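Working notes, structure below.
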Amino acid sequence: MKNSFLLIMLVVVSTLTLKSQEGKRFNGKTGWLEYLEFQASGEPQKLFVVLGSDGESKEQLLADYKPIALAYNARLEIVTSKTEDIGALINEGFNKGLWLSDSIKSTTMIIYGESCWNLDPTHLNSNSSILINPVYDSVLEKLTFEKEYFIGIVNANKDSSVSAVINALSTSGAWINYSSYADDNSFDQFRVMQEIDWVDSLTLSLNDSLQIAAYRQNLGLMNEVPEIVRQGRQIEIELANYNVGECTIEILDLSSKVVYEKSVYLGRGHHNFIIPTKKLEWGVYSLKIEGPGIKTLNKFMIRG
C-alpha cells in the first residue's frame, strides 16, 4: 500500500512538472519559432522572454533562468533561432498576445550577443531589455527611443565593443545601466537580477509624474567632492542625468585657468567618472561640471 501511494505521488509530481515546463511552437507570417516555456504555480506577475544566440542551448538557458523566474513569480519563455526573421516573428507574437495574460504587469526581454540586434526594441511590447554580452552592430546608429526605455547590460567579454554599444544606445535616448564580471564561463544570476531590479525601480519611479519631477530636481553631482585631495589621488564623481547631451568636466586653478578638461556625451541615468590629479601642483582648485540640466562648481585643495 505504501509503495502504491509513493508511485501515485511520483506520477502526480511528474505530471505537474510537464505542465510547468513545455516545448511550444508559434507559426507566424514569415515562418515559425520554437520555444520552451516555464511557469511556477499561480498567476505570473512578470514575463521574461530570453532570446539566446545561435550557440545557446534552450535547455541550458531554461536551467539558468528558472531560479530567476521563481524569484520574481514570472512566466519564462526561452527562444533560440537561426532565422533572420526572428525579430519579426517575436514582434508578431507580441501583437497577437503570445505569452501575455491579464496578471502580467511587466515584460522584459533578455537578449544574448549578436541576437540583440535581430529585433528592434523600439517595436516591442515592452519598455525594458537586459542585454547579455552585446556585440556592436551598425543598426544601433538607427535606433531612436521616443518613449522611456530601460536597458541593463551585463558583460563578461573583456575585449568586446560594449563601450560602443553603450554610447550608441545612450545617444539614442535609452536609459542605460551597466555591470560587468570576470568571464569564467559561468552564468551570473546575481548580475542579471541586479539589472532586473534596476529596471523595475526606475520604471516604477518614472511612471509617476511627481517622481519624475523629483528626479529632475535632484540631478547633477550625486557625491561630495572632498575638500582636501592628496596629490596623485583620483577624484571619483557620480553624475545623474535626464536630458541627453554633451557634458564638460573642468578643473580650474585660482586664476580660472583650465588645467584639466574632459568632454563626454551623457545618456539618461547615472554615470561614474575618475578625475586624475597626478599633474596638479599643491593649491586650491575648482571642479566645474556643465551639461544638459547640470551645472555645479566645487572647490578642493591638493596637498601632499
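The values are calculated or read from the model by the stated rules, or taken from the named source; none is laboratory data. Note that the structure is predicted; figures quoted are calculated from it, not measured. Positions of Cβ are backbone-derived with ideal geometry, glycine not excepted, and every protein chain shown enters the neighbour counts. When the accessible area is computed, the model is the full protein with side chains, heavy atoms only, and any ligands, DNA or RNA have been set aside. Shrake-Rupley method; radii C 1.70, N 1.55, O 1.52, S 1.80 Å.
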All but one of (1) under 17 Å from Gly23 (Cα atoms); (2) surrounded by fewer than 16 Cβ atoms within 10 Å (Cβ to Cβ); (3) touching a strand residue (DSSP E or B) at 6+ places or on another chain (Cβ under 9 Å) hold for Ser101, so report the exception by its number.
-> (1)
Which residue out of Leu266, Leu239, Leu287 is buried (at least 17 other Cβ atoms within 10 Å of the Cβ) and over 20 Å from Asn177 (Cα atoms)?
-> Leu287
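Residues checked against (1) at pLDDT 85 or above; (2) in a helix (DSSP H, G or I); (3) of a type outside the set (Ser, Thr, Tyr):
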| site | (1), (2), (3) |
| --- | --- |
| Thr122 | no, yes, no |
| Asn125 | no, no, yes |
| Glu146 | no, no, yes |
| Ile151 | yes, no, yes |
Residues (among the small types (Gly, Ala, Ser), touching a helix residue (DSSP H, G or I) at 6+ places or on another chain (Cβ under 9 Å) and open to solvent by less than 20 Å² (accessible area, probe 1.4 Å)) located in region 162-201 = Ala168, Ser172, Ala174, Ser179
Cross-chain or 6+ apart pairs with Cβ under 9 Å, region 91-105 first and under 16 Å from Trp32 (Cα atoms) and in contact (Cβ under 8 Å) with a residue 60 or more places away in the chain, then among the polar types (S, T, N, Q) and in a loop (DSSP other than H, G, I, E, B) | Glu92/Thr30
Taking the condition at pLDDT below 85, over 16 Å from the mean Cα position of the chain (by Cα), over 25 Å from Gly245 (Cα atoms) and open to solvent by 60 Å² or more (accessible area, probe 1.4 Å), does Asn207 pass?
-> no
Output yes when any residue across region 46-56 is among the small types (Gly, Ala, Ser), surrounded by fewer than 13 Cβ atoms within 10 Å (Cβ to Cβ) and at pLDDT 80 or above, and no when none is.
-> no
